[in-house]
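The structure appears below as structure tokens.
The values are calculated or read from the model by the stated rules, or taken from the named source; none is laboratory data. If you're wondering where the values come from, they're calculated on a predicted model, not measured in any experiment. Using ideal geometry, Cβ is built from the backbone for each residue, glycine included, and neighbour counts are taken over all protein chains shown.
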Amino acid sequence: MTPTPEDVRRWDVEHLWHPFTQMAEYAATEPLVVARAEGHYLVDDRGRRYFDATSALWCNLFGHRVPEIDEAVREQLGRVAHSTLLGATHPAAAELARRLVEVAPAGLTRVFFSDDGATAVEAALKLAFQYRLLTRGEADAREATFLAIENAYHGDTLGAAAVGGVALFHETFRPILLRTLRVTTHDAGEVEAVLAREGGRVCGVILEPGVQAAAGMIRVPEGFLTKVARSTRRHGALLILDEVATGFGRTGAMFACQHEGVTPDLLCVAKGLTGGYLPVAATLAAETVYTPFLGGYAEYRHFFHGHTYTGNPLGCAAALATLKLLRERKLVEAVPAKSAVLREALAPLARHPHVGDIRLTGLMGGVVLLADRAANRAFAPDRRVGHRVGLAMRERGVFARPLGDVMVLMPPLTTTDDELRMLGAVLHAAVVEVLGP
């Protein structure tokens, strides 16, 4: 028997534990029940339509129910839904690995599949550590550590959380996380100083190129990545780039590191890889990282890491269709023009007394709401200003998920100019409703 809308709402409150959600407050509110989706719009169980300004948490590149991806998954389903990559392969995984190498920064030649952004980062951290062990020996590896950027977000598994720096998310778990060094700002000189001080103990430097997304869409200064890449080479640390949020066109390049012509040693991708359809992630490695793992079986140099659904054929089929759409429709090349339209649509917000920074890189946007703009003073958390503005946007037919009091806008790459203008106008109206003119 099909559950009624009342069943769904009751079961949701009685049994579901939602991520990043205070359930005591959630249970007292009216949930948005997404029953279906069409193009750029979510449709709830009462037939109301909402523009999906979050792109299904930043991963939906083309909208929902894309015919080409639907067909690719259906065709794959007619062959095999899942088959392990432990000791076997399948055509979709092999082809996807090849296609990723073709679009990735030159020099990345090996692809390790996993499930989501955190697992891609987790694999990269373990690869970097084992690379150090294999190339420098156990005594050196025991002293190895990682260097990360304050306010970074790389996921919520223990390794990924250890190199994260958003205190609200990660501080609770600090006692059970591996030790990580941090620099407090995007200061390449500080990175160089830490690497020099540590005398080669840093086995990997991890950062988000272009934009620190979960920190509030903070733009990384131009040239920072280039300088850090030079420092890592000089001090023998691997450069790990987390492009889970910035990859696949979000910043106006296939990968944000390509704006500065930087090739990392390890590149983590997920989210947009399957067009927002299925959980597939990848960690791409340079051949120089891959080679030390080779040897006789009894040497046990191989990478002892993996997941049950690594390289899932359905997900790989969706990813292949996604890469084909990006290539054939030239959607990445169109992002700068769309970004300019969104920037113009958001411009009137700059005059509002409670709006601080308007951050926009490609189609990654964040509008900062402040209690006092002149003093750069935040609202008290219990006022839940960002949440209230989000609800006001929902009443106007736009679904948005803020980061605290930063209103995040991550529309699909295929969003029309009219929809981008609508998005700016709706956000402005919602801010005025909640905070006054």
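Some points to look at:
- Hey, A148 part of a strand (DSSP E or B) and touching a strand residue (DSSP E or B) at 6+ places or on another chain (Cβ under 9 Å) or not: yes
- Cβ-Cβ contacts under 7 Å between residues 6 or more apart (or on different chains), taken from a first residue in region 93-118 that is on the phi > 0 side of the Ramachandran plot to a second residue that is surrounded by 15 or more Cβ atoms within 10 Å (Cβ to Cβ) and modelled with pLDDT of 95 or more, are listed as G107/T263; G107/A286.
- Within region 257-285, considering residues that are under 12 Å from the mean Cα position of the chain (by Cα) and among the small types (G, A, S), the one nearest to R98 (Cα to Cα): A281
- The residue pairs whose first member lies in region 155-167 and is touching a residue at least 60 places away in the same chain (Cβ under 8 Å), whose second member is among the acidic types (D, E), and whose beta carbons are closer than 9 Å, counting only pairs six or more residues apart or on different chains, are G155/D116; G155/E122; G155/D242.
- Criterion (assigned to a helix (DSSP H, G or I) and modelled with pLDDT of 95 or more) met by exactly one of P264, P336: P336
- In the set (1) of a type outside the set (K, R); (2) in the same structural domain as A93 (by TED's automatic domain parsing); (3) under 20 Å from the mean Cα position of the chain (by Cα), H305 fails one condition alone, (3).
- Meets criteria (in contact (Cβ under 8 Å) with a residue 40 or more places away in the chain, under 17 Å from the mean Cα position of the chain (by Cα) and within 17 Å of R234 (Cα to Cα)) for I218: no
- Residue among E150, E171, E190 that is touching a residue at least 24 places away in the same chain (Cβ under 8 Å) and not hydrophobic (A, V, I, L, M, F, W, C): E150
- R233 vs. criteria more than 23 Å from the chain's Cα centre (by Cα), surrounded by 15 or more Cβ atoms within 10 Å (Cβ to Cβ) and either modelled with pLDDT under 95 or more than 26 Å from V406 (Cβ to Cβ) (or both): no
- Any hit, region 253-266, residues being under 22 Å from L225 (Cα atoms), touching a Pro at 6+ places or on another chain (Cβ under 7 Å) and of a type in the set (S, T, Y): yes
- Count of region 401-429 residues which are in contact with a strand residue (DSSP E or B) (Cβ under 8 Å, 6 or more places away or on another chain), hydrophobic (A, V, I, L, M, F, W, C) and either surrounded by fewer than 23 Cβ atoms within 10 Å (Cβ to Cβ) or farther than 14 Å from R384 by Cβ (or both): 9
- The residue that is nearest to the chain's Cα centre (by Cα), among those in region 236-245 that are assigned to a loop (DSSP other than H, G, I, E, B) and under 16 Å from P105 (Cα atoms), is V244.
- Residue that is surrounded by the most Cβ atoms within 10 Å (Cβ to Cβ), among those in region 119-157 that are basic (K, R) and over 18 Å from R197 (Cα atoms): R132
- The criterion of at least 3 residues that are surrounded by 15 or more Cβ atoms within 10 Å (Cβ to Cβ) is met by the following helices (runs of 4 or more DSSP H) wholly inside region 158-227: 158-162, 188-198.
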